[in-house]
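*Asks:* This is the structure I have questions about; it appears just below.
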Amino acid sequence: MNTQVLAAGEAAYTKAAELLRQGQLVAFPTETVYGLGANALDAGAVPEIFRAKGRPADNPLIVHIHDEKQLDGLCTIPEAARPLMRAFWPGPLTILMPRTPRIPDCVTASLPTVAIRMPSHPVARRLLQVCDLPVAAPSANRSGKPSPTTAAHVLEDMDGRIPLILDGGSCDVGLESTVIDVCHGTPVILRPGGITEDMLREVLGTVEVAPSVLRPLGEHEVALSPGMRYRHYAPEGTITLIDGDEADVVRALKLLYEQAAEDGRNACVLCFTEHMQTLEACHPHDLGSIHEPGQTAHRLFDVLRSLDDEQMRVIYSEVVPAHGIGLAVMNRLGRAAAFRTLHARDVLASAAPAENRPSDQ
Ligand code: TXA
Ligand code: MG
């Protein structure tokens, strides 16, 4: 199949809408990441998404809408969802809602709920208007790769697998939407994203964060969201996160890089813009300003994708504080690193000559 990339515009929307109506797939930009869409009500088209991505069939999809009226007959809206829809739609918030049988089982992996989101990106909105269909769309990456934040990323993963990619430039947020469950008592954030815990708490009063957001799922633990079960965003090399005071972290990164390079490993560091110069000999990749976790969110997937392109084997990374958008960054970066973390002080202490090591006496 020949994959066409079209700059967003009316002709492209018409073509995309036509393909969606025919049961074909179209990749399109949203404010979070690029999505791979099919008509959510077409039980013949939706399985094509799973095929193109190589996605396990038991991982359900998000349904995208441009108008709340589209939900009539598809799901019931929980009371707690209404203030969230008013406050954050259109925008990067996905809300689980009890579904009706009109939504095909392949969309929800036969779960009793369906995930709904109204994106704010003008290209996504216009496409949803022109086709006037609810569009089921996961991120437009091959399963296990970082979500795409540019049309070039989508092409890298989907060339020859889908007929059309709408190019709307690079995605603002850069990480996938926040997923919230308001169907069962206290609202729970299943996946952190651009709509933060504090923003949700302001509207809902109370909200919890699923415990597995910042640690690996236990062997016998039941995933609240099927997506948490799967290996995600892991590059072929090994990422290790370095935690601690800023100056110690920079010294530890340098030391670890030098050790890996001495061992002949293809190594690099992921660091903040402010540390790029100090670490210039360590093959640094820029995570954005230490003061702007939103920049790190915006760049993270592009940086992660470059690691495999450059065949990096050993990667050491700085971390951001896990609150605000930083929680979403640490969820994705943590998973990419299998939550492997070293403390900078321990790294420095174990490398120091014995007489200089910190002692307990
Ligand atoms: O920003 C986003 O959300 C992007 C854009 C394209 O909208 N989409 C996206 O979709 O990230 P995807 O499929 O990559 O992630 C959807 C997540 C998965 O972790 C899935 O398990 C979860 O939402 N999910 C979907 N339906 C669910 C349901 N009924 N119950 C629990 N989790 C659900
Ligand atoms: Mg995804």
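*Asks:* Net charge within 12 Å of ARG142 by Cβ-Cβ distance, Lys/Arg positive one each and Asp/Glu negative one each, not counting ARG142 itself?
*Replies:* Within the 12 Å Cβ shell, the charges total +2.
*Asks:* How large is the dipole of region 42-195 about the Cα centre if only Lys and Arg carry +1 and Asp and Glu carry -1, each at its Cβ, rounded to the nearest 20 debye? Working shown, then result.
*Replies:* Details: 15 positive and 16 negative charges, 23 e Å.
Dipole about the Cα centre, nearest 20: 100 debye.
*Asks:* Ranked by Cβ crowding within 10 angstrom, fewest neighbours first, how are LEU304, LEU127, LEU155 ordered? Don't jump to the answer; show the numbers that get you there.
*Replies:* Numbers: LEU304 23, LEU127 29, LEU155 18.
Final ranking by Cβ density, sparse to dense: LEU155, LEU304, LEU127.
*Asks:* With no solvent and one equal point scatterer placed on each C-alpha of the chain, evaluate the Debye formula and give log10 I(q)/I(0) for q = 0.09, 0.13, 0.15 Å⁻¹, two decimals.
*Replies:* The Cα Debye sum returns log10 ratios of -0.51, -1.00, -1.27.
*Asks:* Could you tell me the extents of region 226-322's C-alpha atoms along the three principal axes, largest first, rounded to whole Å?
*Replies:* Extents along the principal axes, in whole Å: 39, 32, 21.
*Asks:* For region 73-163, what Kirkwood radius comes out of the mean inverse Cα-Cα distance, in Å?
*Replies:* On the way: mean 1/r = 0.0665 Å⁻¹.
It is 15.0 Å.
*Asks:* Continuing with the same structure: If the viscosity is 0.692 mPa s and the temperature 37 °C, what Stokes-Einstein diffusion coefficient in µm²/s follows for region 135-193 when Rh is the Kirkwood radius over Cα pairs?
*Replies:* 246 µm²/s
*Asks:* Order these by the 10 Å Cβ neighbour count, fewest first: THR94, THR32.
*Replies:* THR94, THR32
*Asks:* Between region 57-88 and region 289-357, what's the alpha-carbon centroid distance in Å?
*Replies:* 35 Å
*Asks:* Determine the gain in length on full extension of the stretch ASP308-ALA87; use 0.36 nm per residue of separation and subtract their C-alpha separation, reporting nm with one decimal.
*Replies:* 75.7 nm
*Asks:* Taking 8 Å as the Cα distance limit and 6 or more residues as the minimum spacing, I'd like the relative contact order of region 31-142 as a percentage.
*Replies:* The normalised contact order for region 31-142 reaches 45 percent.
*Asks:* Toward the positive end of the charge dipole of region 38-147, about the Cα centre and with charges on Cβ (Lys, Arg +1; Asp, Glu -1), which of PRO60, ILE116, PRO92 goes farthest?
*Replies:* So the residue we want is PRO92.
*Asks:* As a test of the formula, what do you get for the chain when each DSSP H run with n ≥ 4 contributes -39,500 (n - 2.57) and the sum is divided by the residue count, at 222 nm and rounded to the nearest 500 deg cm²/dmol?
*Replies:* Theoretical 222 nm ellipticity from helices: -9000 deg cm²/dmol.
*Asks:* Using a Cα-Cα cut-off of under 27 Å, which lysines could be cross-linked to LYS145, ignoring same-chain neighbours fewer than 8 residues away?
*Replies:* The qualifying lysines are LYS53.
*Asks:* Further question: Determine the gain in length on full extension of the stretch ASP105-PHE339; use 0.36 nm per residue of separation and subtract their C-alpha separation, reporting nm with one decimal.
*Replies:* Going from the current span to full extension adds 80.9 nm.
Every read-out reported here was derived from the displayed coordinates using simple, explicitly stated rules and does not represent laboratory data. This one's a predicted model, so the numbers in the text were calculated from it and none came from an experiment. So basically every Cβ, Gly included, is an ideal-geometry build from the backbone, and we count neighbours across all protein chains shown.
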